[in-house]
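Taking it in order: structure first as structure tokens, then the write-up.
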Amino acid sequence: MWPWILGLPTGPGYLRVTQCPIPPSTSPVPVPDIRTCHFCLLEDPSVGCISGSEKCTISSSSPCMVITIYYDVKVRFIIRGCGQYYSYRCQEKRNTYFAEYWYQAQCCQYNYCNSWSSPQLQSFLPEPHDRPLALPLSDSQIQWFYQALNLSLPVPNFHAGKEPDGLDPVVTLPLNLGLSFAELRHMYLFLNSSGLLVLPQAGL
């Protein structure tokens with residue numbers, strides 16, 4: 001009589017069948033609901049972020065952005081931040097509402113990928129302008145910069161001292177932009193309405 005294992009005979013001419021345990025099903029790795037990007041409203045390509053470097057968050061389906069502003073053929077400044085879902089606008093070059101000013105938009109799809117050192121964006125690094133915009137602003141000057149823009153933006157996190165009395169914040173900001181603060185504000189609003197730049201709101 002043949003011995004039986006799992007109901008099947010074993011012996012000469014038969015293969016022995018053993019039962020293998022079934023591995024438990026593995027749960028898929030959850031995809032984060034949000035994406036975190038570098039946020040800098042005003043960056044000089046040769047100096048770095050001069051307006052206070054922060055971070056912003058956006059839906060994981062939306063990109064991090066690097067928006068380079070040109071005057072004629074020279075870079076004036078760079079904006080880094082969160083974009084909206086208009087991914088088809090990546091890599092585009094378009095005019096702004098100001099004569100001789102135009103922008104180039106680049107986007108990427110993982111956390112903090114819009115860093116200046118990102119390998120994904122290295123091939124797009126522009127040539128710096130012949131004169132820097134300014135040295136990084138002091139804490140008080142950054143506060144003044146955000147106030148002058150009047151965009152209800154949250155001020156970067158730092159412990160600033162008491163603001164000097166009797167100084168016009170616009171006059172004291174040593175920026176070599178070629179744009180007034182009203183024009184700069186309009187440019188940020190234009191990029192926001194175009195879906196290229198999300199402007200975070202204070203208190204949200």
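The values are calculated or read from the model by the stated rules, or taken from the named source; none is laboratory data. As the structure is a prediction and not an experimental result, all values here were calculated from the model. Cβ placement follows ideal geometry from the backbone for every residue including glycine, while neighbour counts extend to all protein chains displayed. Note: areas computed on protein heavy atoms with side chains; ligands, DNA, RNA excluded. Shrake-Rupley method; radii C 1.70, N 1.55, O 1.52, S 1.80 Å.
What the phi angles of the stretch 49-59 give under the Karplus curve with 6.51, -1.76 and 1.60, with θ = phi - 60°, is a coupling list of 6, 9, 10, x, 8, 10, 9, 9, 10, 8, 4 Hz, glycine and proline written as x. Legend: calculated FRET efficiency, Cys90 to Glu183, from the Cβ-Cβ distance at R0 = 25 Å, rounded to 0.05, equals 0.45.
The stretch between Asn176 and Val155, if pulled fully straight at 0.36 nm per residue, gains 5.4 nm over its current Cα-Cα span. Of Leu189, Leu149, the residue with the largest accessible area leads and the full order is Leu189, Leu149 (1.4 Å probe).
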